[in-house]
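Before any comments, here is the structure.
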Amino acid sequence: MATYLRNDKQIQNDYSRNINGISFTEECNDLMRTSSMTKILTEAEFSKISKSVTLKSQYLFSYLGQIIGEINFKSFLYEWVNTHQHQLSRYEDFRQAILVRFNVDIDPILRKVYSETSQPAFEIEDVQKYEIMDGDRKRYQVLLQVKNSGSSDGVLETKFNSKENSDEDYYAKVNEEVEEEAPGKLSVIKQGETKLLGFVLDEKPNTLTINTLISRNIPSVINLSMGTLPKREGGLLFDGERVVEPEKDLPHYEVIIDNEDPGFSSFSPIKPTMLKAFIDSRKDVEQKYYGEWDGSYASWLPTTGSDFYGSVIRSAHFTRSGSGEKMATWTPAFKEEGFYDIYIYMRGKNQNTWMGRGGENNQYDYHYIIHNSDGTDNIKYNISKAEPGWNYLGSYYFNKTGGSVSLTDKCDLWTVYADAVKWVKQ
């Protein structure tokens, strides 16, 4: 109850992803998929007990708030706390009070949340954003289509930030308290359901944060850069949510290969150092994802993050830049031959890692090799001005079999990322 009601001030970021490839929250979500809360409370280490209880609390009370009505539910909880201070309270009394007030029995919901190990999985299917004139006022419309393809109902919290990140934010002191954030918008998306979420904003959004609370999503908290918002004339603004039927067929034929897919491969001819090979040999379990602080020079390693492409798991492969010997390759299998527009998924301006004073004005290139029906093309692509998401690489003719796109490790930036490639038939 306290977790749901309190509005804590934000503290330092969780840097566990930079070290381990996934965050501590995602470790706990993974633990809750394989272990009951009873087992976690009796066998897990204290930090994971604390985090798991917090996550279950947020999910449970957020879910109840959406069923009952958040304003009325919070008002009831504050009233209950104020009238039951410094005294023991029976759960049955609390349950009965909610039943009388709202005609909702929380017992089956609470027991299911406490005992189940199944989790939702949210797929962000479409994000539309634009600037529009509403009368004589400039406003911003964001539409978010989300599908829950998991095995249980889920709760999303969506929140916008209109501030630009600065060096002061980057070098914030550890555990330094910052300005309280406005509460986010909560939405329940049931198992198998697709919802359209609409937001009308008076200030231009810089980032959108989607907190999936308990889910199979990696990252569990997704931060999406809004980038450039195109202008749009007229049209109705939509603020709210509604269930929609997912589109069954795309208006055009396309093939997407992510780094998690079988059509992706990587080649690393460089051998690891003896120390690195020794450390890796002593690991008890095979590591699936790696933190970006690993900075492997010898090979391509998988990592996770909001800036990457993926349906439920957003990931990419990365390696320290080199002379072009290491290569990542996407090999498609087409149903139709013809001309295809090729798009590459990029971190965009977030790719420009800090390169010292004045480094933001430098230009950096990725080196692509495209094998197509007409031969092989080598492309030097300037990534410094790329938008977050899909960026156009070129158009080529492909047969049903044969053809690929490769990325080398040659770059003046410290790290090279290989994520996803999309072919769209003309």
* What Kirkwood hydrodynamic radius do you get for the range 289-342 when you take the inverse of the mean 1/r over all pairs of distinct Cα atoms, in Å? -> 13.5 Å
* Asked: Taking the chain as a Gaussian network, where each spring joins two C-alpha atoms under 10 Å apart, which residue of Ile71, Ile210, Ile40 fluctuates the most?
  -> Ile71
* To do: Could you tally the net charge around Asp409, taking each other residue with its Cβ under 9 Å from the Cβ of Asp409, Lys/Arg +1 and Asp/Glu -1?
  => +2
* **Local electrostatic count at Lys335 - Lys and Arg +1, Asp and Glu -1, tallied over other residues with Cβ under 10 Å** => 0
* Structure fact -> Ordering 86-94, 308-316 by per-residue average of other C-beta atoms within 10 angstrom, highest first, gives 308-316, 86-94
* Quick one: net charge around Tyr396, please, counting Lys, Arg +1 and Asp, Glu -1 for every other residue with C-beta under 11 Å from its C-beta. => -3
* Asked: On the first, second and third principal axes, largest extent first, how far apart are the outermost C-alpha atoms of the range 2-115 in Å?
  -> 48, 31, 29
* Asked: lysines near Lys231 by alpha-carbon distance under 17 Å, same-chain residues fewer than 8 away left out - which ones?
  -> Lys129, Lys138, Lys204
* To do: Output the relative contact order of the chain, whole-number percent, from Cα pairs under 8 angstrom with separation of 6+ residues.
  => 16 percent
* **Per-residue [θ]222 nm for the chain (sum of -39500 (n - 2.57) over DSSP H runs n ≥ 4, rounded to 500)** => -6500 deg cm²/dmol
* Structure fact -> Ranked by GNM mean-square fluctuation in the chain (Cα springs under 10 Å), the top entry among Ser306, Ser215, Ser268 is Ser268
* Asked: Using the alpha-carbon centroid of each, what span in Å lies between the range 24-72 and the range 192-243?
  -> 25 Å
* Asked: In the Gaussian network model of the chain, springs joining C-alpha atoms below 10 Å, which of Pro246, Pro108, Pro219 carries the largest mean-square fluctuation?
  -> Pro108
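Where a number appears in this text, it was derived from the coordinates with a stated rule and is not lab data. A quick note: this is a predicted structure, and the numbers were derived from the prediction, not measured. Cβ: placed from backbone, ideal geometry, glycine included. Neighbour counts: every protein chain shown.
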